[in-house]
Amino acid sequence: MARLPAKAVKPAQAVKPAQAAPVPAEGRSPKGRATRAALLAAARRVMARDGYRNARIVDIAHEAGRSVGVFYSYFTDKGEVFAALVDAFYDDLKQLTPAPAEYEHDTGPALRAAIKGFWDAYRTYHSELAGLFEVAFTEPELLEVWKNIRKPGLRRFAYRIRRQQERGRCLGVDPELAASALLGMLEFTCFNWQSGKLDYAGRAVAGEEAVETIYRLIAQALELEPDEAARPARAVKRAARSRSSR
């Protein structure tokens, strides 16, 4: 099952949501890296088709064109391969969203870029998130994984709400509760609209429309002033530089 950090992490530090096993020696060669990538890609396809609970190691190995023995050369169980997939989601999410300092320079554009990052990550890793939602409340380790993925977003929303309250905005709400509500809306809306099964069964919601709708709702909740969303070009350039330097 997904392994979690053994030591407590200071609030300012990023929390790694899951820790897959170290790559075995054979996985460090070009052939080994290709085999591991094939197993991960196969696991994504099998879990997308069958769900996390019903996915079987034998099916993952068969889908990858490898033996079950080869699977166990790279992963100890199904939970570990799932942890590696969740790690990839978390790493991509960090790369797709602006650094914390961007929210100070250009709050509105940074917020819009973050929402687009969530939308893109949820589209790419939809089957992994479906698996996480499916089992998190019955699998304690995966519940911790989900909590740790949420922590950075909760901190950023709560911090932004406190800053707004210092300016006389967002008054009368608890920053922690409001942060949980906003992040929950962002997460589940991305998941819901891309599932094609719940509110808009069989219909694809366009990415630009989705991002703009979510952005407007969150910007209004945060009581952002119009001028805080008026410098998109500079924010986008700075966010790109920040991501490339990480």
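Taking all protein chains as present, what is the carbon and sulfur share of the accessible area of the stretch 98-230, in % to the nearest whole number, probe 1.4 Å? Mind showing how you got there, number by number?
Values: 3670 of 6490 Å².
Answer for the stretch 98-230 is 57 percent, counting heavy atoms of protein chains only.
Lysine pairs in the stretch 48-181 with Cα distance under 21 Å, only those 8 or more apart or on different chains: how many are there?
Working: 78/147; 94/116; 94/147; 94/151; 116/151.
Going through the stretch 48-181 pair by pair, I get 5.
For residue 203 and residue 77 in one chain, what is 0.36 nm times their gap in residues minus the Cα-Cα distance, to one decimal in nm?
41.8 nm
Packing-wise, with mean Cβ within 10 Å as the measure, how do 146-159, 166-179, 188-201 rank, highest first?
The packing order, highest mean first, is 146-159, 188-201, 166-179.
The values are calculated or read from the model by the stated rules, or taken from the named source; none is laboratory data. As the structure is a prediction and not an experimental result, all values here were calculated from the model. Counting neighbours? That spans all protein chains shown, and the Cβs are built from the backbone with ideal geometry, glycine included. When the accessible area is computed, the model is the full protein with side chains, heavy atoms only, and any ligands, DNA or RNA have been set aside. Shrake-Rupley method; radii C 1.70, N 1.55, O 1.52, S 1.80 Å.
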